[in-house]
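Q: Handing you a structure now.
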Amino acid sequence: MLNRSLFKFLTQPVVGVALLTAVNAAMPCISLAQGQPLPPTTLSPTTQTQIDTNYSLGGGDRIRVNVFEVPEYTGEYQIPPGGAINLPLIGSVSVLGLTTEQAADEIARRYARFLKRPLISINLLSPRPINVFVAGEVTRPGAYTLSLSGGAGDNPGVQYPTVLTALTTAQGVTLAADVTQVQLRRKIGRSSEQTVSVNLKELIQTGRLSQDVTLRDGDTIVVPTATNFNVAESRNLFASNFAASQTTPRTVTIIGEVNRPGSYLVTPGNTDAQGNATPNTVNSGTANPAGLPNVTRVIQLAGGITAQADVRNLRLRRPTRSGSEQAIDINLWQLLQSGDANQDIIVQDGDTIVIPTATEINPAEATQLATTTLSPTRIQVGVVGEVKRPGLTDVQPNSSLNQAILAAGGFNDARASSSAVDLIRLNPNGSVTKRIVKVDFSAGINEQTNPILRNNDVVVVNRSGSAKTGDTISTITGPLGIIFSLLNLVGL
């Protein structure tokens, strides 16, 4: 019997709680390897290893049921889609969703009615294909059947597919993806489900393969849409092997202040010495992806920016798999000034680039932009009428009206009206405008007397008043001169 004082001490409430805590701490935790199903849970990347890794039996598996000391009951079975196998003496037993250990326990329990202490073991001889569903920000969402590599189920060299295998089979993640929170949903047993978060960014940065989880049949992988777009991470994602193919053509629309707005099929390729996009070159049978499919490449395909482009406030609109749209602001002036390559965003299929109109044109900046690859190498304007070389004239982008007149040889001094010219412009909406511009060769670039010209502008230099009068007199006196000559011939 316990000492009375000791008994009294142990029955104190505080001591009882402490003792219970110590006993609980000493008890071993139940391991997932013991086949105990877990309730639905969400695990962080730091607890990634807690995902259930047991193999659950299902339709298509080939197994061997061993009944110890009863060889006539031992046999191999192909589990049908319903999951029930037909065993000697005990008949149909469902093993669907059970581990091999759980299935062995269930069969042993059924045989216990007929055998004394039955010993049952199950070997997986040939596992079924891995059927998974990939959803969210991937190129081709849907259901996929993934093959096992290596040998059969009883071969130690067999390799199960991983999350990266599934993503590459779905043709890679899109650039709108949040790869830090890829969700993996897995059925546990017959009724519960486990969800874990996989951080593929950590895999890229540290090479920790623990993030590349081995898949099981019935898994679902969901790649969410990024809520905050990071241009640097997007470029790193584009270079990863689980992103969409870098060489796949993509259709991108560009509107606003470019010379040829519209949709373009963008492929990686090269640019020439002037920065214009050129077709891919082939070297030893492989394409050279030197020119990335980025924003500046699309601008080059669209003929370059116009003189009115606001390169500080571009916007890229990107559709997502969730039906929403990402809006990404781009500052190409920052790219030109500081070399911030992150501003030159990689585009993907379905993107739309909007180049707004500048509210104010800085002549110095306009001249600088004209020498970059954002602008076309040359634009074409028409200078007609009383100039020395009338016709189409090639000038540098962002050239002014004065420069275009001088490029056409200057005014025809004897006949030109040099005080003002007509400027005719075809607008992007299809309308045509005409305005009179007073000419001042001493003025710098300004909208009143020396505006910056756009591609396809036409400058009309009219005749002076004296030229008009002279042309009229010549027209009138021309026939009279002929009559006077005829009269002289007949002696009148």
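The values are calculated or read from the model by the stated rules, or taken from the named source; none is laboratory data. Note that the structure is a prediction, hence the values are computed from the model and not measured. Neighbour counts are summed over all protein chains in view; Cβ atoms, including those assigned to glycine, are modelled from backbone coordinates with ideal geometry.
Q: If I ask for residues that are closer than 17 Å to Gln380 by Cα and β-branched (Val, Ile, Thr), which ones from the range 433-454 would you list?
A: Ile452
Q: While we're here: Within the range 402-453, track down each residue that is assigned to a strand (DSSP E or B), closer than 21 Å to Lys468 by Cβ and modelled with pLDDT under 90.
A: Kept after step one, since they are assigned to a strand (DSSP E or B), are these residues of the range 402-453: 411, 416, 420-426, 432-438, 446, 450, 452.
Of the ones still in play, those that are also closer than 21 Å to Lys468 by Cβ are 411, 416, 420-424, 434, 436-438.
Of everything in the range 402-453, just one residue is assigned to a strand (DSSP E or B), closer than 21 Å to Lys468 by Cβ and modelled with pLDDT under 90, namely Ala416.
Q: If you don't mind, another one. Quick one: in the range 144-167, of everything that is out of contact with any strand residue (DSSP E or B) (no Cβ under 7 Å at 6 or more places or on another chain) and under 14 Å from Ile130 (Cβ atoms), which residue is modelled with the lowest pLDDT?
A: To start, the set of residues in the range 144-167 that are out of contact with any strand residue (DSSP E or B) (no Cβ under 7 Å at 6 or more places or on another chain) comprises 147, 151, 155-158, 164.
Now restrict to residues that are under 14 Å from Ile130 (Cβ atoms): 147, 158, 164.
On the way: Ser147: 83, Val158: 70, Leu164: 92.
The qualifying residue modelled with the lowest pLDDT is Val158.
Q: Which one of the conditions (1) loosely packed, with under 15 Cβ neighbours inside 10 Å; (2) under 30 Å from Arg297 (Cα atoms); (3) at pLDDT 90 or above does Asn362 fail to meet, given that it meets all the rest?
A: Asn362 satisfies all of (1) loosely packed, with under 15 Cβ neighbours inside 10 Å; (2) under 30 Å from Arg297 (Cα atoms); (3) at pLDDT 90 or above except (3).
Yes/no per residue for (1) surrounded by fewer than 19 Cβ atoms within 10 Å (Cβ to Cβ); (2) closer than 30 Å to Thr227 by Cα; (3) acidic (Asp, Glu):
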site: Val65; (1), (2), (3): no, no, no
site: Pro80; (1), (2), (3): yes, no, no
site: Asn86; (1), (2), (3): yes, no, no
site: Thr99; (1), (2), (3): no, no, no
site: Ala112; (1), (2), (3): yes, no, no
site: Glu137; (1), (2), (3): no, yes, yes
site: Ala143; (1), (2), (3): yes, yes, no
site: Ser149; (1), (2), (3): yes, no, no
site: Val158; (1), (2), (3): yes, no, no
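Q: Separate question: For the range 198-254, enumerate the residues that are more than 16 Å from the chain's Cα centre (by Cα), β-branched (Val, Ile, Thr) and surrounded by fewer than 16 Cβ atoms within 10 Å (Cβ to Cβ).
A: Those that are more than 16 Å from the chain's Cα centre (by Cα), β-branched (Val, Ile, Thr) and surrounded by fewer than 16 Cβ atoms within 10 Å (Cβ to Cβ): Thr206, Thr214.
To keep it simple, each residue is scored yes or no on (1) charged (D, E, K, R); (2) in contact (Cβ under 8 Å) with a residue 40 or more places away in the chain; (3) buried (at least 18 other Cβ atoms within 10 Å of the Cβ).
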site: Ala307; (1), (2), (3): no, yes, yes
site: Val311; (1), (2), (3): no, yes, yes
site: Arg317; (1), (2), (3): yes, no, no
site: Ser324; (1), (2), (3): no, yes, no
site: Ile345; (1), (2), (3): no, yes, yes
site: Gly350; (1), (2), (3): no, yes, no
site: Ile353; (1), (2), (3): no, yes, yes
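Q: If you don't mind, there's one more thing I want to ask. Do you know which residues across the range 359-397 are outside any loop (DSSP other than H, G, I, E, B), acidic (Asp, Glu) and not assigned by TED's automatic domain parsing to the domain that holds Glu447?
A: To start, the set of residues in the range 359-397 that are outside any loop (DSSP other than H, G, I, E, B) comprises 363-369, 379-385, 387, 391-395.
Add one more test, that the residue is acidic (Asp, Glu), and what stays is 365, 394.
Within the range 359-397, Glu365 is the sole residue that qualifies.
Q: Something else: Is it the case that Gly218 is closer than 30 Å to Gly83 by Cα and of a type in the set (Gly, Ala, Ser)? Before the answer, list the steps.
A: Working: closer than 30 Å to Gly83 by Cα: yes; of a type in the set (Gly, Ala, Ser): yes.
Yes: the conditions hold for Gly218.
Q: Something else now. Filter the range 125-135 for residues that are buried (at least 20 other Cβ atoms within 10 Å of the Cβ) and aliphatic (A, V, I, L, M) and give the result. Reasoning before the result, please.
A: Of all residues in the range 125-135, those buried (at least 20 other Cβ atoms within 10 Å of the Cβ) come to 127, 130, 132, 134.
If the condition is that a residue be buried (at least 20 other Cβ atoms within 10 Å of the Cβ) and aliphatic (A, V, I, L, M), then Ile130, Val132, Val134 are the ones that fit.
Q: Another question about this same structure. Would you tally the residues in the range 303-330 being in a loop (DSSP other than H, G, I, E, B) and either in contact with an Asp or Glu (Cβ under 8 Å, 6 or more places away or on another chain) or of a type in the set (Asp, Glu) (or both)? Full working, then the answer.
A: To start, the set of residues in the range 303-330 that are in a loop (DSSP other than H, G, I, E, B) comprises 303-304, 306-308, 310-313, 320-324.
Remaining after also requiring either in contact with an Asp or Glu (Cβ under 8 Å, 6 or more places away or on another chain) or of a type in the set (Asp, Glu) (or both): 306, 308, 310, 313, 320-321.
Within the range 303-330, residues that are in a loop (DSSP other than H, G, I, E, B) and either in contact with an Asp or Glu (Cβ under 8 Å, 6 or more places away or on another chain) or of a type in the set (Asp, Glu) (or both) number 6.
Q: Just give me the residues in the range 337-382 being over 23 Å from Leu237 (Cα atoms), acidic (Asp, Glu) and within 24 Å of the chain's Cα centre (by Cα), in sequence order.
A: The answer is none; no residue qualifies.
Q: Follow-up. Quick one: which helices (runs of 4 or more DSSP H) sit completely within the range 155-266 and have at least 1 residues that are over 17 Å from Tyr144 (Cα atoms)? Spell out how you get there, then give the answer.
A: Details: elements: 163-169, 200-206, 231-239.
Because the criterion is at least 1 residues that are over 17 Å from Tyr144 (Cα atoms), the helices (runs of 4 or more DSSP H) in the range 155-266 that meet it are 200-206, 231-239.
Q: Go over the candidates Ala273, Ala277, Ala232, Ala287 one by one and state the one that is assigned by TED's automatic domain parsing to the domain that holds Val173 and either over 30 Å from Thr180 (Cα atoms) or modelled with pLDDT under 80 (or both).
A: Matching residue, one of Ala273, Ala277, Ala232, Ala287: Ala232.
Q: While we're here: Answer yes if at least one residue in the range 211-218 is under 23 Å from Ser56 (Cα atoms), among the small types (Gly, Ala, Ser) and in contact with a strand residue (DSSP E or B) (Cβ under 9 Å, 6 or more places away or on another chain), and no otherwise.
A: Applying the first criterion (under 23 Å from Ser56 (Cα atoms)) to the range 211-218 yields 211-218.
Checking the rest, the ones that are also among the small types (Gly, Ala, Ser) come to 218.
Keeping just the survivors that are in contact with a strand residue (DSSP E or B) (Cβ under 9 Å, 6 or more places away or on another chain) gives 218.
Yes; the residues of the range 211-218 include at least one that is under 23 Å from Ser56 (Cα atoms), among the small types (Gly, Ala, Ser) and in contact with a strand residue (DSSP E or B) (Cβ under 9 Å, 6 or more places away or on another chain).
Q: Inspect the range 414-433 for any residue being free of Cβ contacts under 8 Å to residues at least 24 places away in the same chain and of a type in the set (D, E, K, R) and give the result as yes or no.
A: No; the residues of the range 414-433 include none that is free of Cβ contacts under 8 Å to residues at least 24 places away in the same chain and of a type in the set (D, E, K, R).
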